[in-house]
1. Go through (1) assigned to a helix (DSSP H, G or I); (2) surrounded by 13 or more Cβ atoms within 10 Å (Cβ to Cβ) one by one and return the number of the condition residue 139 breaks.
2. Of the residues that make up the stretch 155-170, is at least one within 15 Å of the chain's Cα centre (by Cα) and open to solvent by less than 30 Å² (accessible area, probe 1.4 Å)?
3. Residue 34 - would you say it is more than 9 Å from the ligand (Cβ to nearest atom), under 24 Å from residue 204 (Cβ atoms) and modelled with pLDDT of 95 or more?
4. Looking only at residues in the stretch 248-270 that are without any contact (Cβ under 8 Å) to a residue 40 or more places away in the chain and in contact with a Lys or Arg (Cβ under 6 Å, 6 or more places away or on another chain), which one is least open to solvent (accessible area, probe 1.4 Å)?
5. Go through 288, 245, 298 for me and flag whichever is basic (Lys, Arg), more than 29 Å from residue 66 (Cα to Cα) and open to solvent by 10 Å² or more (accessible area, probe 1.4 Å).
6. I need the full set of residues from the stretch 59-111 which are near the ligand (Cβ under 10 Å from one of its atoms) and among the polar types (S, T, N, Q), in order please.
7. Within the stretch 83-99, how many residues are under 24 Å from the mean Cα position of the chain (by Cα) and farther than 19 Å from residue 155 by Cβ?
8. Looking only at strands (runs of 3 or more DSSP E) that fall completely inside the stretch 1-117, which ones have 1 or more residues that are out of contact with any Leu (no Cβ under 8 Å at 6 or more places or on another chain) and loosely packed, with under 15 Cβ neighbours inside 10 Å?
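The values are calculated or read from the model by the stated rules, or taken from the named source; none is laboratory data. Predicted model, so just to flag it, every value in this text is computed and none were measured. Cβ sites come from the backbone with ideal geometry, for glycine too, and all protein chains shown count toward neighbours. For accessibility, only protein heavy atoms count, side chains too; no ligands or nucleic acids. Shrake-Rupley method; radii C 1.70, N 1.55, O 1.52, S 1.80 Å.
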Amino acid sequence: MARAAEIVALAGGVGAGRFLQGLAAVVPPQRLVVIGNTGDDLELHGLYICPDLDTVTYALAGVVNPVQGWGLKQDTFACLAALERFTPETWFRLGDRDLATHLFRSDQLRRGARLSEVTRRIAEAFGVRARLLPMSDDRVRTRVKTGAGLLDFQVYFVQRRAEDEVRGIVLDGVEQARPAPDVLEAIRGAAAVILCPSNPLISIGPILAVPGIRQALRETPARVAALSPIVGGRALKGPADRMLRSLGLEASAWQVAQLYRDFLDVFVMDHADEPDAGRIEELGVRTRSTDTIMKGHRERVALARATLEALEL
Ligand code: FO1
């Protein structure tokens, strides 16, 4: 029997993880391919950490901390507390069990494995049946231009609590980065592509900037949908609204659709943003409004269903 074509999702961290939990409940997970952002990756304590890939892995495995949306549930922080004896660099909260993931990944990478290969092994070890691909095996570093200088993404986001005004975003290494194996093929051969409700600038933006990915989205015969992470002018999570404004853009659903207009077919937004529908349709993008606030499992599943309906799947 022919294999059903895949649903390909482009994902950042927490918002994507929550939406993908809903999607994996309505689509057989083996039909799901998730392409994850690696611009947020960091090296700390000799470890290579991939926060967005891990967030998606833990969410799909059902082991993510449900309150914060990242890290493992019921994790403890004994190692981090012990590290405080040696270094003040303990602002990035690495849990004891989460550390095992970073130890394994870092060791494999040091032995020459590719990030895509290690990501597959980690997801499999957590029993995730969806395929998770990093956007690239090459290192791309998101940096944020602020009044305090050019900051590594996690320094801006976690250590400095996203409080600096953002003057620009730099994606170091992206021009030389190649899409990870199967990324372009998955987009070109997909039944549909979904951009998760993630920050368009620092979560989806780095994925789209990897040479070839945006072009594959323009050229794929599959319909492409995006979910708005902005509701009524405010970010569902994180600093997306402030970031958009400080870069001279609108913090609105329309703005998100505008950033994706060259490849987008369907935009899924909150009922609260219905007044924006006309402006979005003028971009040549169909709109579908629904409840996009994902309080719990029921809302996540309903949002996934509404997205698939909007894609006519
Ligand atoms: N986010 C925080 O706000 N504070 C943390 O201390 C933190 C630690 C952390 C550890 C592992 C991991 O996989 C993710 C972690 N995150 C933390 C989340 C992460 O910084 C962001 O949510 C993403 O990079 C943005 O998508």
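1. Unmet for residue 139, out of (1) assigned to a helix (DSSP H, G or I); (2) surrounded by 13 or more Cβ atoms within 10 Å (Cβ to Cβ): (1).
2. Looking for residues that are within 15 Å of the chain's Cα centre (by Cα) and open to solvent by less than 30 Å² (accessible area, probe 1.4 Å), one finds none in the stretch 155-170, hence no.
3. Here the answer is yes, as residue 34 does meet what is asked.
4. Among those residues, the one meeting the criterion is 251.
5. Every option except 245 fails the conditions.
6. Result: 65, 68, 90, 101.
7. So the answer is 5.
8. Those strands (runs of 3 or more DSSP E) span 42-44.
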